[in-house]
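I have placed the structure first, in the form of structure tokens, so that the comments after it can refer back to it.
The values are calculated or read from the model by the stated rules, or taken from the named source; none is laboratory data. Note that this is a predicted model, so its numbers are computed, not measured. Here the Cβ positions follow ideal geometry from the backbone for every residue, glycine too, while neighbour counts run over all protein chains shown. The protein model used for the area step is the full one, side chains on, heavy atoms only, and it has no ligands, DNA or RNA in it. Shrake-Rupley method; radii C 1.70, N 1.55, O 1.52, S 1.80 Å.
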Amino acid sequence: KNSFYLPFCFFLKKTIFKPKKILNIITVSKYHHRKNLLLLCKAALILKNKGYKFKILIVGEKKTPDQVIEFKKINKFLKESELLNKYVFLAKNIKYDDMSKIYRKGDIFVLPATREPGSISVLEAMSYGLPIVVSQNCGTRCYIKRNFNGRFFKDNNLRSIVKEIEFFFVNHNQIKVYRDRSIKLFKKLYTTEIFLANFDVLFKRLFDND
């Protein structure tokens with residue numbers, strides 16, 4: 001009675017889907033250990049060895065000493081695995097105004113983070129119509145409908161994240177299906193207009209209680 005749920009909101013930025021021979025996977029995060037970007041890199045090695053064609057773009061913040069250390073660790077693994085700048089590409093400290101170009105190039109969005117409390121990038125990706133892959137304990141998984149516009153993998157589980165990403169390689173036609181559903185779900189629940197309408201309901205409830 002005295003609580004009210006207001007989800008994150010974002011501006012609708014849907015894009016036109018054009019099928020490609022190479023799957024473009026993006027993640028937007030920070031180069032931090034908890035963000036589990038190394039797990040995604042290990043998944044990339046398995047997917048490469050299975051013969052899939054793809055590009056993964058990791059966009060991350062690299063400012064603090066801890067972030068620098070994590071970036072170097074990821075960079076080292078990618079070099080040793082011969083993935084760097086062939087299958088996996090690293091970007092750092094991208095300006096927010098430039099993020100739209102990145103989201104528009106993506107086919108699916110993957111957030112490998114473990115124990116993630118609330119990532120706004122999930123909702124940003126949905127606003128561009130991207131299918132979402134997140135862990136089953138991600139704090140913003142509530143924005144996603146499982147096996148509708150997104151896939152959930154077991155937290156910090158390499159085999160599981162590979163399986164959920166591989167779904168889109170095996171069922172390539174489902175990318176557009178999931179994209180359309182992401183837009184539909186976003187328009188129904190998470191636009192700025194819906195957010196403001198929910199505020200109106202909240203204020204009316206507070207006023208009525210007075």
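I'd like the residue in segment 91-103 that is touching a strand residue (DSSP E or B) at 6+ places or on another chain (Cβ under 9 Å) and open to solvent by 40 Å² or more (accessible area, probe 1.4 Å) and, out of all such residues, is nearest to LYS163 (Cα to Cα).
Result: LYS92.
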Quick one: in segment 38-57, which of the residues that are open to solvent by less than 10 Å² (accessible area, probe 1.4 Å) and touching a Phe, Trp or Tyr at 6+ places or on another chain (Cβ under 7 Å) is farthest from ASN93 (Cα to Cα)? LEU47
Of everything in segment 73-90, what is loosely packed, with under 15 Cβ neighbours inside 10 Å and either assigned to a loop (DSSP other than H, G, I, E, B) or within 14 Å of the chain's Cα centre (by Cα) (or both)? Give them in sequence order. GLU82, ASN85, LYS86
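One line per residue, one yes/no per condition, for (1) buried (at least 22 other Cβ atoms within 10 Å of the Cβ); (2) within 24 Å of LYS62 (Cα to Cα); (3) at pLDDT 90 or above; (4) among the hydroxyl-bearing types (Ser, Thr, Tyr):
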{"residue": "ILE108", "(1), (2), (3), (4)": "yes, yes, yes, no"}
{"residue": "ARG115", "(1), (2), (3), (4)": "no, yes, no, no"}
{"residue": "LEU123", "(1), (2), (3), (4)": "no, yes, no, no"}
{"residue": "SER135", "(1), (2), (3), (4)": "yes, yes, yes, yes"}
{"residue": "ASN147", "(1), (2), (3), (4)": "no, no, yes, no"}
{"residue": "ARG151", "(1), (2), (3), (4)": "yes, no, yes, no"}
{"residue": "LYS163", "(1), (2), (3), (4)": "no, no, yes, no"}
{"residue": "GLN174", "(1), (2), (3), (4)": "no, no, yes, no"}
{"residue": "VAL177", "(1), (2), (3), (4)": "no, no, yes, no"}
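Quick grid of which residues meet (1) outside any helix (DSSP H, G or I); (2) farther than 18 Å from PHE168 by Cβ; (3) modelled with pLDDT under 95:
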position	(1), (2), (3)
LYS14	yes, yes, yes
ILE25	yes, no, no
LYS55	yes, no, no
VAL68	no, yes, no
PHE71	no, yes, no
